[in-house]
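Taking it in order: structure first as structure tokens, then the write-up.
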Amino acid sequence: MGIATDKETIKFLNLLLIADLAFIGIHCLYLLGIAPGPLYSIETDMGYAEIYQYIKESWIVALFLILAIERRRIIYLSWSLLFMYLLFDDSLQIHERLGEYIAQYFELKPMFGLRAEDFGELGVSMLFGFLLFSFIGASYLVSDNLEKQISKRLFILVILLACFGILVDILHTAIPWDQAYEAFGLLEDGAEMIIVSFIVWFTFNLGKSQVNPSEIHGNN
């Protein structure tokens, strides 16, 4: 497919995953009361692990913008905007703040073990997801064969990210048991870190790719 996966990029992926596992391990030490403070938790906003996650998301945005400029293809711009939203959403808590406002405005009621603001947050995520994926879908239609294959792989990774970021987050809130609460929190944030690392690696490979012209201009 024209995507580089040489030894150097594999080393880069390994470094990303080692850092992820280190933060997950430190989080476990925090749960055991060994690590001294909430900044060591992967669930803490603006904690050490969260800042590392923001940096990785920033890399993805920058790499896709570079690809969009160098190759003059709108599909890379559309993916960059999606990850830009994810970066802003994680760092500025967009869906949490808007979700709380929507819950109050429409007087949503808690149910199924979920808070009213959880339904508001889900609505915000669905709205932004629809808008951003509509742009990606439109860009996909005018893309070449190689870019379509790239987008399909990215779509799978983003769906996995959404499963842990949204569905597991809902279970995290709905499950009442303390032990399960901690386990779901670790699963949600730990899996998100690892998936984002794979997306960084995948995007980095795209930048190193030596694209085969026959693939670019091939039939869709």
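The values are calculated or read from the model by the stated rules, or taken from the named source; none is laboratory data. Just so you know, these numbers come straight off a predicted model, no measurement behind them. Note that we place each Cβ from the backbone using ideal geometry, even for glycine, and neighbour counts take in every protein chain shown. Just so you know, the surface numbers come from the protein's heavy atoms only, side chains and all, with ligands and any DNA or RNA stripped out. Shrake-Rupley method; radii C 1.70, N 1.55, O 1.52, S 1.80 Å.
Numbers at a glance
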quantity: Rounded accessible area per residue of the range 1-83, 1.4 Å, Å²; calculated: 53 Å²
quantity: Cβ-defined net charge surrounding Leu122, 12 Å radius [Lys, Arg +1; Asp, Glu -1]; calculated: -4
quantity: Charge dipole (debye, nearest 20) of the chain; +1 at Cβ of Lys and Arg, -1 at Cβ of Asp and Glu; calculated: 960 debye
quantity: Overall Cα dimensions of the range 107-158 - principal axes, largest extent first, Å; calculated: 46, 18, 10
quantity: Histogram of C-alpha separations across the chain, 5 Å bin width, %; calculated: 1, 7, 12, 17, 18, 15, 12, 8, 5, 3, 1, 0
quantity: Neighbour net charge for Cys163 - beta-carbon separation under 14 angstrom, K R +1, D E -1; calculated: -4
quantity: Calculated FRET value between Ala183 and Leu15, using beta carbons and R₀ = 30 Å, to 0.05; calculated: 0.65
quantity: Fraction of accessible area attributable to carbon and sulfur, the chain (%, probe 1.4 Å); calculated: 68 percent
quantity: Cα lying deepest toward the dipole's positive end in the range 16-159, options Pro36, Gly123, Tyr48, charges on Cβ; calculated: Gly123
quantity: Rg/Rh (Cα only; Kirkwood hydrodynamic radius) as it applies to the range 1-87; calculated: 1.10
quantity: Principal axis dimensions, largest first and in whole angstrom, of the range 67-149 by Cα; calculated: 47, 23, 20
quantity: Where labels lie 7 Å past Cα in the beta-carbon direction, separation of Leu160 and Ala22 in nm; calculated: 2.3 nm
quantity: Extension gain from Ile69 to Leu39, taking 0.36 nm per residue of separation minus the Cα-Cα distance; calculated: 7.1 nm
